[in-house]
Protein chains: 2
Amino acid sequence: MVAKYIQVKEAIKAWILEGRITPGEKIGSESDLMGQFNVSRHTIRQAIGELVHEDWLYTVQGGGTYCKDRRKSDTHGTMKTKTIGVMTTYISDYIFPYIIRGIESYTTENDYSLLLTSTNNNVDLEKKGLQNVMTNNIDGLIVEPTKSTYHNPNLNYYLNLERNKIPYVMINASYSELAGPSITLNDEKGGFIATEHLIKLGYTKVLGLFKTDDLQGIDRMKGYIDAHRKHHLLPFPDMVISFSTEEKGEKLQEQVRAMLTRKKENRPEAIVCYNDETALSILHVIRKLNMKVPEDLSIVGFDDSHLTEASEVQLTSVKHPKTELGRAAAEVLINLIENKNPDAGGSIVFEPELVIRNSTKPASS
Amino acid sequence: MVAKYIQVKEAIKAWILEGRITPGEKIGSESDLMGQFNVSRHTIRQAIGELVHEDWLYTVQGGGTYCKDRRKSDTHGTMKTKTIGVMTTYISDYIFPYIIRGIESYTTENDYSLLLTSTNNNVDLEKKGLQNVMTNNIDGLIVEPTKSTYHNPNLNYYLNLERNKIPYVMINASYSELAGPSITLNDEKGGFIATEHLIKLGYTKVLGLFKTDDLQGIDRMKGYIDAHRKHHLLPFPDMVISFSTEEKGEKLQEQVRAMLTRKKENRPEAIVCYNDETALSILHVIRKLNMKVPEDLSIVGFDDSHLTEASEVQLTSVKHPKTELGRAAAEVLINLIENKNPDAGGSIVFEPELVIRNSTKPASS
DNA sequence: ATAAATTTGTGCGTATGTATC
DNA sequence: GGATACATACGCACAAATTTA
């Protein structure tokens, strides 16, 4: 004698296998089924309960019971680990603790834990990190693209995430080849308002320093050029220096030192920096040359990090939403994981603001 | 309102994680559990049913319900996951990014990744975090004890880690009941040098503010008292305020405000703070009272965090090895995991240093 | 070795809460 | 707001397997 709930279970499973019920279609309500099989509600629930566990059905309270598309769910990898991976260029430096705080605030509220790895903006380390998070059975991934300007040799890993139905979101930048949502700052506008601020203060020779192996730097540079165009200025020759992560130290400092020791008519009067870290590094050069900020030179940073206040002169900087951005990324990702709002998976672009401190002053005409 | 069967389920899961029930051992019968939890049989069965599905238990009709050995059933069994858990009170605040940076630097060099959770210095969240890391099959755990002054209700979880041969190290403080190695700062000496600095500057009425739900605070307070004793001073009455994590905000500020508005002969001339965060909070009070640091009041912080430079007046503070400490903890733990140096598993105590900035000056006698 | 007691499995009835439509 | 549908929870009865006296 086979148990009644087993009979019910097999019958419903048969409906699905025969195609009488297709994925997404609603099966009858519990009371319907009670009538059809002439059993109690308890028995129906027991059958449905097991079918839900075995991934044939899913239920929506108040809604109904539906047939699940089993092809979508990998038979082995379906168990939720309640862990999301976070792979950023850095973890504990600069603005990253703030971004991670934002991620953390939302994930802990929702009982997820974080698996952290960093890439140091190096694609080999990114590969290692991707292998790591993928073997660790995570539910989703928040990733800051590494060297986003160039072709990424790890694209296959991301495509494999898609094949395995592991959702991911990108922050700060995105690989154009990938379809996942991204949570970013409008860097082009940021570069624009930083540059326009200096132009409006009366400067015409504005030096731009941009790290161009990340899209952020490319976009900020675009904004820098746009601001010049809008105000009918052409950037002076040599007035844009682009550098890579590997060159951001002494090499950049040397180039800037060379420009600042030119004779006055060729010397920059103001500098737009890729970020606050760059600005601080340049402030060291300026100090060694016995020049003063903002008296001899106005300078604008980017990201509004804690560095703006760590230096002697407080940096005018473009605000980066850091914590807010991290939280938004976590929110979008968890929505994707739990499939609550299918349309909540869109990209978000934050708008930048300029925070004026005392590293900039009007040009002394 | 959490469903009863969920509560029962979590309680039974906790038994297993705490080691109160070991693999193969029988749990109480359904009627036993009905009595223990004071719920109906249906509810017990619902809880057990899910735990069976999730592979925590198995049942034998007529026999009973038993705890399953999850290691064997897991395909990755005893295989190293190359993941270590990190459970600190906070993740992205204050000095923790620096500690985590240190941990991270060593772990990534050795191809480990980090599973992060935070406890907010709350034992319930600590329990959740412990359950989390234990179900995630980690190779080892770095933990900052929560509320280390008090008896810890989660001791069983740590003991179960030992039973399962999962090594762990404690940082910043340690539970005296546990045998694992700890990587700490000599907080007593730190409190001593901070206080002695003020005494040597000529102050006799030195207020001490210490958070005493963590051992760090207790030890720092000990150092504060020792410094007085060594210089044949008695701490003035009321000159030590101890507070808990929950009281660190307005309540503490109110108490200090009351002391600072006393008449001059009873008013403190200098303050030793539990940490820089406390110092900053007190600086707000001082500013509102229109008093000046260090002219009217000298103040010493603790941890030498970035906050020392964020405030208007740069804080004299006791140096905390942050990054170095994190790295050392990771090193000890990985040594334990890989069993390279059986004798490398010892505790480490870092010695503090005083960093003198301009929040302290000699007493104007 | 057998019967009784215990323990899990199946099944029904009922009531109330809560989300969806 | 009301109807519908799933979620939680209590109670009872009997069956089947195991343990124990």
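The values are calculated or read from the model by the stated rules, or taken from the named source; none is laboratory data. Computed from a predicted model, the values in this text were never measured in an experiment. A quick note on method: Cβ atoms are made from the backbone with ideal geometry, for glycine too, and the neighbour counts reach across all protein chains shown. What goes into the accessible areas is simple: the full protein's heavy atoms, side chains included, and nothing from ligands, DNA or RNA. Shrake-Rupley method; radii C 1.70, N 1.55, O 1.52, S 1.80 Å.
Sequence-distant or interchain residues sharing an amide H contact under 5 Å with B:Val355, placed H: which?
The list, which skips near neighbours in sequence, is B:Ser317, B:Val318, B:Lys319.
Calculate the radius of gyration of the Cα atoms of chain A to one decimal place, then report Dmax, the largest Cα-Cα distance, as a whole number, both in Å.
Both quantities, over Cα of chain A: 27.5, 100 Å.
Using DSSP to define loop residues, name the GluC sites (Glu not before Pro) in region B:233-300 whose beta-carbon has at most 13 other beta-carbon atoms within 10 Å.
Working: sites: B:Glu246, B:Glu247, B:Glu250, B:Glu254, B:Glu265, B:Glu269, B:Glu277, B:Glu295; in loops: B:Glu269, B:Glu295.
The qualifying sites are B:Glu295.
Once the piece of chain linking B:Glu254 and B:His284 is laid out straight, how much longer is it, given 0.36 nm per residue of separation minus the C-alpha distance between them?
On the way: separation 30, 0.36 × 30 = 10.80 nm, distance 1.13 nm.
Taking B:Glu254 through B:His284 to full extension adds about 9.7 nm, to one decimal.
Could you give the accessible area per residue of chain A, probe 1.4 Å, as a whole number in Å²? Walk me through the numbers before you get to the answer.
Values: 16990 Å² over 365 residues.
Accessible area per residue: 47 Å².
With everything on Cα atoms, drop me the angle between helix B:215-230 and the longest principal axis of chain B, reported from 0 to 90° to the nearest 10.
Result, in degrees: 30.
Return the loop-located trypsin sites (Lys or Arg not before Pro) in region B:142-235 (DSSP other than H, G, I, E, B) with at most 13 other Cβ atoms within 10 Å of their own Cβ; answer none if there are none. Walk me through the numbers before you get to the answer.
On the way: sites: B:Lys147, B:Arg163, B:Lys165, B:Lys189, B:Lys200, B:Lys205, B:Lys211, B:Arg220, B:Lys222, B:Arg229, B:Lys230; in loops: B:Lys147, B:Lys165, B:Lys205.
Filter output for region B:142-235: B:Lys165.
Considering only C-alpha atoms, what is the centroid distance from region A:119-147 to region B:163-185, in Å?
Here the answer is 30 Å between Cα centres.
For A:Ser29 and A:Gln131, what does the FRET efficiency come to when R0 = 41 Å and r is the distance between their Cβ atoms, rounded to the nearest 0.05?
Efficiency at R0 = 41 Å is approximately 0.30.
Which percent, to the nearest 5, of DSSP beta bridges fully inside chain A are antiparallel?
20
Among the residues of region A:124-142, which ones have their accessible area go down by 20 Å² or more when all the protein chains sit together, as opposed to their chain alone (1.4 Å probe)?
Hits at the 20 Å² cut-off: A:Lys128, A:Asn132, A:Asn136.
For region B:257-349, what is the convex hull volume of the alpha-carbon atoms per residue, in Å³?
Working: hull volume 10.1 nm³, N = 93.
Cα-based convex hull of region B:257-349, divided per residue, equals 109 Å³.
Antiparallel DSSP bridges in region A:1-137: what percent, to the nearest 5? Intermediate values should be presented prior to the final figure.
Details: 6 of 12 bridges.
Restricted to region A:1-137, the bridges split so that about 50 percent are antiparallel.
Rounded to the nearest 0.05, what FRET efficiency is calculated for B:Asp124 and B:Glu295 with R0 set to 51 Å and r the Cβ-Cβ distance? Write down the numbers at each step before the final one.
On the way: r = 45 Å, r/R0 = 0.88.
Result of the calculation: an efficiency of 0.70.
Amide H of B:Gln314 versus every other amide H placed in the peptide plane: which residues, excluding those fewer than 5 positions away on the same chain, fall under 5 Å?
B:Asn358
Determine the principal axes of the Cα atoms in the protein assembly as shown, then give the extent along each, sorted from largest to smallest and rounded to whole angstroms.
Principal extents (largest minus smallest coordinate, Cα): 97, 74, 50 Å.
For region A:4-72, just run the numbers: alpha carbon Rg, then divide by 2.2 N^0.38 Å, N being how many residues it has.
Region A:4-72 yields a ratio of 0.99.
Can you give me the C-alpha center-to-center distance between region A:80-113 and region B:289-308, rounded to a whole angstrom?
With region A:80-113 and region B:289-308 each reduced to a Cα centre, they are spaced 33 Å.
Within region A:4-72, what whole-number % of the accessible surface is contributed by carbon and sulfur, with the 1.4 Å probe and all protein chains included in the calculation?
On the way: 1920 of 4130 Å².
The nonpolar share, carbon plus sulfur, comes to 47 percent.
Calculate, for A:Asn156 and A:Ile356, the FRET efficiency according to 1/(1 + (r/R0)^6) with r their C-beta to C-beta distance and R0 41 Å; round to the nearest 0.05. Before the final figure, lay out the partial values.
Details: r = 45 Å, r/R0 = 1.11.
So, using R0 = 41 Å, E works out to roughly 0.35.
Are there chymotrypsin sites (Phe, Trp or Tyr not before Pro) in region A:116-170 that DSSP marks as loop and that have at most 14 other Cβ atoms within 10 Å, and which are they?
On the way: sites: A:Tyr150, A:Tyr157, A:Tyr158, A:Tyr168; in loops: A:Tyr150.
Sites meeting the loop and neighbour criteria: A:Tyr150.
Using alpha carbons only, what's the Rg to Rh ratio of region B:61-208 with Rh from Kirkwood? Write down the numbers at each step before the final one.
Values: Rg = 19.5 Å, Rh = 17.7 Å.
Result: Rg/Rh = 1.10.
Do any residues of region A:89-106 show a loss of at least 50 square angstrom of accessible area between the isolated chain and the full protein assembly, using a 1.4 Å probe, and if so which?
For region A:89-106, once contacts with the other chains are taken into account, A:Ser92, A:Arg101, A:Glu104 lose 50 Å² or more.
How many nm is it between the label spots at B:Lys264 and B:Gln36, if each spot is 7 Å from the Cα in line with the beta carbon?
Result: 6.9 nm between the two label points.
From the phi angles alone, apply the Karplus equation (6.51, -1.76, 1.60; θ = phi - 60°) to region B:348-353 and give each ³J(HN,Hα) in whole Hz, x where the residue is Gly or Pro.
With the stated coefficients, region B:348-353 comes to 10, 10, 7, 9, x, 10 Hz.
Relative contact order of chain B: what whole-number percent is it, with Cα pairs under 8 angstrom and at least 6 residues apart? Provide the component values of the computation, followed by the final result.
Numbers: 664 pairs, mean separation 61.2, N = 365.
About 17 percent, as a whole number.
Could you give me the ³J(HN,Hα) list for region A:281-297, computed from phi with Karplus coefficients 6.51, -1.76, 1.60 and θ = phi - 60°, whole Hz, x at Gly and Pro?
4, 6, 4, 4, 4, 4, 5, 5, 8, 6, 9, 10, 10, x, 4, 8, 6
Farthest toward the dipole's positive end in region B:187-319, which of B:Ala270, B:Gln253, B:His284, given Cβ charges of +1 (Lys, Arg) and -1 (Asp, Glu) about the Cα centre?
My answer, from the dipole projection, is B:Ala270.
What's the angle, to the nearest 10 degrees (0 to 90), between helix A:4-18's Cα axis and the longest principal axis of chain A?
60
What angle do you read, to the nearest 10 degrees and between 0 and 90, between the alpha-carbon axis of helix A:41-53 and the longest principal axis of chain A?
40
Could you work out how far apart the two model spin labels at A:Lys230 and B:Met1 are, taking each label as a point 7 Å from the Cα in the direction of the beta carbon, and quote it in nm?
It works out to 5.7 nm between the two label points.
When DSSP assigns beta bridges and you keep just the ones with both residues in the protein assembly as shown, what percent turn out antiparallel, to the nearest 5?
Counting DSSP beta bridges with both partners in the protein assembly as shown, the antiparallel share is about 25 percent.
Quick one: which residues, 5+ away or cross-chain, put their amide H under 5 Å from the amide H of A:Tyr168? H built at 1.01 Å from N.
Here the answer is A:Leu141, since their amide H atoms fall under 5 Å of that of A:Tyr168.
Report the accessible surface area buried between chains A and B, summing both sides, using a 1.4 Å probe on protein heavy atoms only, in Å² rounded to the nearest 100.
Numbers: alone 18050 and 17350 Å², together 33270 Å².
About 2100 Å² of accessible surface is lost on pairing.
Could you work out the helix-only [θ] at 222 nm for chain A, with each DSSP H run of four or more residues adding -39,500 (n - 2.57) and the total divided by the number of residues, to the nearest 500 deg cm²/dmol? Provide the component values of the computation, followed by the final result.
On the way: 12 runs with 147 residues, N = 365.
It comes out at -12500 deg cm²/dmol, rounded to the nearest 500.
If you average 1/r across every pair of different Cα atoms in region A:209-365 and take the reciprocal, what Kirkwood value do you get, in Å? Numbers along the way, then the final one.
On the way: mean 1/r = 0.0579 Å⁻¹.
Kirkwood radius, region A:209-365: 17.3 Å.
Once you put a point 7 Å from the Cα of A:Asp55 and another 7 Å from the Cα of B:Asp55, both along the Cβ direction, what distance in nm separates them?
Going from the A:Asp55 label point to the B:Asp55 one covers 1.3 nm.
Compute the label-point distances linking B:His53 to its equivalents in the other copies; points lie 7 Å from Cα along Cα→Cβ; give nm, one decimal, shortest first.
0.6
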